[in-house]
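The values are calculated or read from the model by the stated rules, or taken from the named source; none is laboratory data. These figures come from a predicted structure and were not determined experimentally. Every residue, glycine among them, receives a Cβ derived from its backbone with ideal geometry; neighbour counts consider all protein chains shown. These accessible areas exclude ligands, DNA and RNA; they are computed on the full protein's heavy atoms, side chains included. Shrake-Rupley method; radii C 1.70, N 1.55, O 1.52, S 1.80 Å.
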Amino acid sequence: MISVQEALQLTNTYTKCTQKIINIPLSESLGNVLAKDIESPINMPPFRQSAMDGYALGSIEEKTFTLVGEVKAGDPKDPNLNKGEAIRIFTGAPVPSEAKAVIMQEKVQIVNEQIILEEFPLLNSNIRPKGEQIKKGTIALSKGTVITPAGIGYLATLGVTNVAIYQKPSIAIVATGNELVPPGQDLKYGQIYESNSVTLLGALTKSGFTNVECHKVEDEYTATVSILKKVIDEYDIVLISGGISVGDYDFVGKALTALNVEEVFYKVKQKPGKPLYFAKKESKTIFALPGNPASALSCFYVYVLPTLLKISGHSNCNLRRSTSISDSVYSKKGQRAEFLKARIENEKVTILDGQASSMLRSFALANAMVYLPEEVSEVKVGDSLQLINLP
Ligand code: AMP
Ligand code: MG
């Protein structure tokens, strides 16, 4: 059995960004990952721009100016401006080349076509210099950046219309278990509702993975081999839930062996999620997650999500980690590292009740997981705890 750190290292070592690069319209690019640095095709702003409604001034050594004209936003003109002269100007308008400053209209008095200032203006005040935000040819956004609404707007201000992005990986979820029925049907004795598919689907969607399909298989060897063969052939990533433990009806491990996948590791010294399995088959990535609902989701956040983000070309693949002060007590029973469902509020972290791997209630209320390394056995109030912040 390997440690959490070894498992994280192995998933990282065996993962490369393998996604195809495609060009798509900027307007359709939300949530995608840039596959190339984007250089700004223009200076932004493209000309000296007025930041205020007011007056462009021909000098800064006077307090009285004669009004000689007007420039509004979009006017393609660059009128002459001498010492002692001012031009009416509006926000976003090109500032005349000879202007030394723009004064806000609230700060002047107008008497007989004369503009009168209370104080001397500062050189270049209220003027946005050409290229102030970004200069032509410099990098506007780098490869690996996720495109946000603001990112789309920013690239649009630079005139960008298309972006090179990594194609999103196709993902199959396979839920195993005879006892599982979809919500909506009546439960017979011995049955439970299947929840891991929708949990994983939600977690994937939340992180921008939209190309996902769910499958279901009974605890039966031949059927398991057949569905796993199909999904490994057809998808980039396969996430299997359940059937990876040591029970007589856990067929996932045997089926994957029969399909000649390359096992990278099986079993991690952690709670929940000990029977986690990670494998490759050529460019394909396979995780078999323990079926207990909290184990599956915990393994997803700790191992699967960073792996998927790396495959998809993200420059930042890890969930945000932080530390916080405990307002709970907790004692660990075994030697394994633990991931505990927790809630951070007002800079304190509470370890929630109901940590069993079969329970999802605490996860549904959690906004973080506390990571307790193998060597920590007790948590006291006031201890500093390592946290993984949930997305
Ligand atoms: P397994 O890993 O298949 O031994 O399953 C461990 C526990 O998780 C069992 O109690 C299963 O009934 C439960 N379980 C497995 N898969 C799911 C699922 N997809 N949805 C909800 N519970 C599950
Ligand atoms: Mg099972």
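Among the residues of the range 308-331, are any within 16 Å of ligand 2 (Cβ to nearest atom), more than 16 Å from residue 372 (Cβ to Cβ), touching a strand residue (DSSP E or B) at 6+ places or on another chain (Cβ under 6 Å) and open to solvent by less than 30 Å² (accessible area, probe 1.4 Å)?
Taking the range 308-331 and keeping what is within 16 Å of ligand 2 (Cβ to nearest atom), we get none.
The answer is no, given that none of the residues of the range 308-331 is within 16 Å of ligand 2 (Cβ to nearest atom), more than 16 Å from residue 372 (Cβ to Cβ), touching a strand residue (DSSP E or B) at 6+ places or on another chain (Cβ under 6 Å) and open to solvent by less than 30 Å² (accessible area, probe 1.4 Å).
Which residue is most open to solvent (accessible area, probe 1.4 Å), if the candidates are limited to the range 1-31 and must be closer than 23 Å to residue 149 by Cβ and of a type in the set (Val, Ile, Thr)?
Here is the first cut: in the range 1-31, the residues closer than 23 Å to residue 149 by Cβ are 19, 21-31.
Filter again for of a type in the set (Val, Ile, Thr), leaving 21-22, 24.
On the way: 21: 81, 22: 46, 24: 27 Å².
Once the filter is applied, the top-ranked residue is 21.
Go through (1) within 16 Å of ligand 1 (Cβ to nearest atom); (2) open to solvent by less than 10 Å² (accessible area, probe 1.4 Å); (3) touching a Leu at 6+ places or on another chain (Cβ under 8 Å) for residue 297 and report which single condition fails.
It fails just one condition, (2).
Among the residues of the range 338-346, is there at least one that is among the polar types (S, T, N, Q), assigned to a strand (DSSP E or B) and either at pLDDT 95 or above or open to solvent by 70 Å² or more (accessible area, probe 1.4 Å) (or both)? Before you say what the answer is, go through the steps one by one.
If we filter the range 338-346 for residues that are among the polar types (S, T, N, Q), which is where we start, we get 346.
Filter once more, keeping what is assigned to a strand (DSSP E or B): none.
No; the residues of the range 338-346 include none that is among the polar types (S, T, N, Q), assigned to a strand (DSSP E or B) and either at pLDDT 95 or above or open to solvent by 70 Å² or more (accessible area, probe 1.4 Å) (or both).
What number of residues within the range 357-379 are small (Gly, Ala, Ser) and open to solvent by 40 Å² or more (accessible area, probe 1.4 Å)? Reasoning before the result, please.
From the range 357-379, those small (Gly, Ala, Ser) are 357-358, 362, 364, 366, 368, 377; that's our starting set.
Right, trim to open to solvent by 40 Å² or more (accessible area, probe 1.4 Å) and you get 358, 364, 377.
Result for the range 357-379: 3.
Determine the pairs where a residue that is among the basic types (Lys, Arg), located within the range 139-164, has a partner that is in a loop (DSSP other than H, G, I, E, B) and surrounded by fewer than 19 Cβ atoms within 10 Å (Cβ to Cβ) with Cβ atoms under 9 Å apart, the partner being 6 or more residues away or on another chain.
Close Cβ pairs satisfying both conditions: 143/36; 143/37; 143/315.
Can you find a residue in the range 176-197 that is open to solvent by 60 Å² or more (accessible area, probe 1.4 Å), within 30 Å of residue 28 (Cβ to Cβ) and near ligand 1 (Cβ under 10 Å from one of its atoms)?
No, the range 176-197 has no match at all.
Does residue 113 count as touching a helix residue (DSSP H, G or I) at 6+ places or on another chain (Cβ under 7 Å) and either exposed (fewer than 15 other Cβ atoms within 10 Å of the Cβ) or within 30 Å of residue 159 (Cβ to Cβ) (or both)? Write out each step before concluding.
Values: touching a helix residue (DSSP H, G or I) at 6+ places or on another chain (Cβ under 7 Å): no; either exposed (fewer than 15 other Cβ atoms within 10 Å of the Cβ) or within 30 Å of residue 159 (Cβ to Cβ) (or both): yes.
No: the conditions fail for residue 113.
Show the residue pairs that are 6+ apart or on different chains and have beta-carbon atoms under 6 Å apart, the first residue being within the range 278-294 and touching a residue at least 12 places away in the same chain (Cβ under 8 Å), the second being part of a strand (DSSP E or B) and near ligand 1 (Cβ under 9 Å from one of its atoms).
289/241; 291/241
Of all residues in the range 143-169, how many are touching a Lys or Arg at 6+ places or on another chain (Cβ under 9 Å) and open to solvent by 50 Å² or more (accessible area, probe 1.4 Å)?
Of the residues in the range 143-169, 2 are touching a Lys or Arg at 6+ places or on another chain (Cβ under 9 Å) and open to solvent by 50 Å² or more (accessible area, probe 1.4 Å).
Of all residues in the range 236-263 being free of Cβ contacts under 8 Å to residues at least 60 places away in the same chain and either part of a helix (DSSP H, G or I) or of a type in the set (S, T, N, Q) (or both), which is nearest to ligand 2 (Cβ to nearest atom)?
245
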